[in-house]
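> The following block contains the structure, expressed as C-alpha cells.
The values are calculated or read from the model by the stated rules, or taken from the named source; none is laboratory data. Since the structure is predicted, the reported quantities are computational estimates derived from the model, not experimental observations. So basically every Cβ, Gly included, is an ideal-geometry build from the backbone, and we count neighbours across all protein chains shown. For the accessible areas, the whole protein counts, side chains as well, though only heavy atoms, and no ligand, DNA or RNA atoms are used. Shrake-Rupley method; radii C 1.70, N 1.55, O 1.52, S 1.80 Å.
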Amino acid sequence: MSHLVIIGAQWGDEGKGKIIDHLAKDFDVVARYQGGHNAGHTVKIGDKTRFLHFIPSGIFRPDKICIIGNGMVIDPGELIKEINTIKADGIDVGGRLLVSSNAHLIMPYHYLLDSSKEQDLGEKNIGTTKRGIGPAYADKMRRIGIRICDLYEKERLRSLIEENLKEKRLTLKKLYGLNCPEAKKIEKEYLDYGKKIEPFVTDTTLAVRKYYEEGKKFLLEGAQGSMLDIDHGTYPFVTSSSPCIGGVGTGLGISPRKLDKILGIAKAYCTRVGSGPFPTELFDELGNQIREQGKEFGTTTGRPRRCGWFDVVALRHAIWVNGFTSLAITKLDVLDDLDSLKICVKYKNNGNAIEDFPTNLSLLENCKPVYETLPGWKKNISGIKDYAQLPSNTKSYLKKIETLSGTPISLVSVGAERGETLVK
Ligand code: GDP
Ligand code: IMO
Ligand code: MG
C-alpha cells in the first residue's frame with residue numbers, strides 16, 4: 001500500500017483520529033484537506049488522551065510530516081493554541097508541521113455571523129459548531145476571503161479587512177444588532193498571529209509534489225464525514241466543505257490518479273451531532289445506553305451525540321461517492337452488552353421500499369428504517385488482539401455489513417487506545 005485516503009463514512013466522529021494515528025506508522029506524510037476546528041479528532045496513547053482540531057492525527061509519531069492543506073479554513077489564534085498544547089507535551093513539531101499559505105482564514109466576524117445566523121434560524125438551525133466555518137468558506141467562494149499569505153502583506157491585509165468589514169458591519173448591525181470588532185484591532189491581532197505561525201507557513205502544493213516525487217507515502221485525513229459533505233450529504237444539514245474524495249484534489253493539489261486506496265471509516269452504530277435527518281436514530285433508553293457506553297459527547301463542543309443503529313443505506317451512498325476500497329469499523333466494543341443488534345437494510349416511505357439514499361430532504365425525513373436483527377455477543381471484546389479471536393456473533397455482524405455493503409472490512413477497532421485495532 002502506498003497512498004491512502006481516510007474518510008468518515010457517516011456523520012463524523014467515526015474514530016478517524018484513532019485510526020489515522022494507528023496507521024500513520026506506515027506512512028511518511030499525514031495531510032488534512034478540508035474543514036477547520038469544527039473537527040475534533042481524538043488520539044489515545046496509553047493513558048493519555050489528546051484532541052486535535054487542525055493538526056493532522058499523525059503528529060504524535062515523531063518522524064511524520066504533517067500538512068494543513070489549502071482546502072482548510074484556519075483560525076490562526078486557535079491553531080497557535082493547539083501547537084502550544086502539543087509542544088507543552090514535549091512533542092516537537094518544528095520542521096514537520098506545514099501550513100498552507102493558501103488556506104483561508106477564519107476571521108472574528110465569521111464567528112459572529114455563524115452564531116447569529118444559527119440563533120436567527122431558531123428551531124430550524126443547523127446545529128453548527130459556531131466556529132465560523134460556513135461564513136469563512138462562503139467568503140472563499142465569493143472571492144473576498146483572506147488567506148494566510150495575506151498576513152505577510154500589511155497593506156493588502158488592511159484593505160481586505162476594511163473591504164470585508166464594510167458589508168459585515170452592516171449585516172451584523174442591521175440583521176442582528178451586533179457590533180463588529182474594529183479593523184485596526186483585527187489587523188493587529190492577525191499580523192501578530194502571522195508572525196507566530198510564519199515558521200510553519202509554506203506552499204503546501206509544492207511540498208506535496210516534492211514529497212510525492214521523493215517517493216514518500218501519503219496518508220490523507222478527511223474531517224467530518226460523507227453524510228456532512230456539502231454536495232453529497234444531507235443538505236442543508238451539512239458542513240461547508242467536501243469531506244468526500246473530491247475534496248482531496250482541491251484541498252491539497254494532488255490528482256486522485258495518484259491515490260491508491262480509500263478507506264471508509266464507520267462506527268458499528270451511527271451518531272450525529274447537530275440537526276438534520278437521521279433515519280435510524282434511537283429516541284429510547286437504548287439510545288441513551290449507547291451514548292453513555294460510547295461516551296458519545298462532542299469532542300469539539302461537548303454536545304451529546306444523537307445515537308442510532310447502523311445504516312447500510314447511508315453507507316452504500318458513501319461507498320459510491322467515495323469509491324471506498326475497504327472499510328474500518330470502529331467502536332464495536334460499545335455494543336458488547338446488547339442482547340441483539342439491528343442493521344438498517346432499506347427504508348420505507350409511504351409503504352414504498354427505498355434502497356438508495358434519498359437526496360430529497362423531505363423524502364428522507366419521512367423515511368422509516370427497515371431492520372435486520374442479529375444476536376449480540378455479550379462479551380467484553382476490548383482486550384482481543386487478533387481478529388480470529390472475536391466472538392462468532394461479532395464476526396457475523398461484520399460479515400453482514402460486508403455482504404450488505406459489498407465492501408470488505410480491513411480494520412476493526414475494539415477500544416479507543418492506539419493498540420486496540422485489529423487487522424482483518
Ligand atoms: P473523529 O472525529 O472521527 O476522529 O472521532 P472523535 O475523536 O470525535 O470521536 C471518536 C471517539 O471514540 C473518541 O473519544 C475516541 O477516543 C473513541 N474511540 C475511537 N475508536 C474507538 C473504539 O473502537 N472503541 C471505543 N470504545 N472508543 C473509540
Ligand atoms: P469530525 O472531523 C461531527 C457538524 C455540526 C453541524 C454541521 C455543520 O470530528 O468528525 P459546521 O460547524 O461545520 O458548520 O457544522 O456539521 N459537524 C460535525 N459533526 N464531527 C465533525 O467533525 C463535525 N464537524 C462539523 O455538528 O451539524
Ligand atoms: Mg470528532
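> Checking G58 against (1) touching a Leu at 6+ places or on another chain (Cβ under 8 Å); (2) of a type outside the set (A, V, I, L, M); (3) away from ligand 1 (no atom under 16 Å from the Cβ), which single condition isn't satisfied?
All conditions are met except number (3).
To keep it simple, each residue is scored yes or no on (1) in contact (Cβ under 8 Å) with a residue 24 or more places away in the chain; (2) part of a helix (DSSP H, G or I); (3) buried (at least 17 other Cβ atoms within 10 Å of the Cβ).
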residue	(1), (2), (3)
P199	yes, yes, no
Y211	yes, yes, yes
L219	yes, no, yes
Y235	yes, no, no
S240	yes, no, yes
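> Same structure, new question: Going by the conditions given, is R32 among the basic types (K, R) and away from ligand 1 (no atom under 11 Å from the Cβ)?
So R32 fits the description; yes.
> Go through region 94-116 and count every residue that is in contact (Cβ under 8 Å) with a residue 40 or more places away in the chain and either among the polar types (S, T, N, Q) or closer than 25 Å to T42 by Cβ (or both).
The qualifying residues number 10.
> Looking at V423, V414, which one is within 30 Å of K48 (Cα to Cα), open to solvent by 70 Å² or more (accessible area, probe 1.4 Å) and either outside the structural domain of D356 (by TED's automatic domain parsing) or out of contact with any Lys or Arg (no Cβ under 8 Å at 6 or more places or on another chain) (or both)? So that I can check it myself, show each step before the final result.
On the way: V414 fails: open to solvent by 70 Å² or more (accessible area, probe 1.4 Å).
One residue alone meets the criteria, V423.
> Give me the residue from region 5-55 that is under 18 Å from L422 (Cβ atoms), open to solvent by 10 Å² or more (accessible area, probe 1.4 Å) and touching a strand residue (DSSP E or B) at 6+ places or on another chain (Cβ under 9 Å) and, out of that set, nearest to ligand 3 (Cβ to nearest atom).
G15
> For the structure I just gave you, tell me whether V99 is within 12 Å of ligand 2 (Cβ to nearest atom) and of a type in the set (A, V, I, L, M, F, W, C).
Criteria not met by V99.
> Kindly check whether there is at least one residue in region 284-299 that is within 16 Å of ligand 2 (Cβ to nearest atom) and under 22 Å from C244 (Cα atoms).
Yes, region 284-299 contains a residue that is within 16 Å of ligand 2 (Cβ to nearest atom) and under 22 Å from C244 (Cα atoms).
> What number of residues within region 278-320 satisfy the criterion of being aliphatic (A, V, I, L, M), open to solvent by 30 Å² or more (accessible area, probe 1.4 Å) and closer than 24 Å to T128 by Cβ?
Looking only at that region, the number is 0.
> Hey, can you tell me all the residues within region 249-267 that are among the aliphatic types (A, V, I, L, M) and either part of a strand (DSSP E or B) or free of Cβ contacts under 8 Å to residues at least 60 places away in the same chain (or both)?
Selection gives I254, I262, L263, I265, A266.
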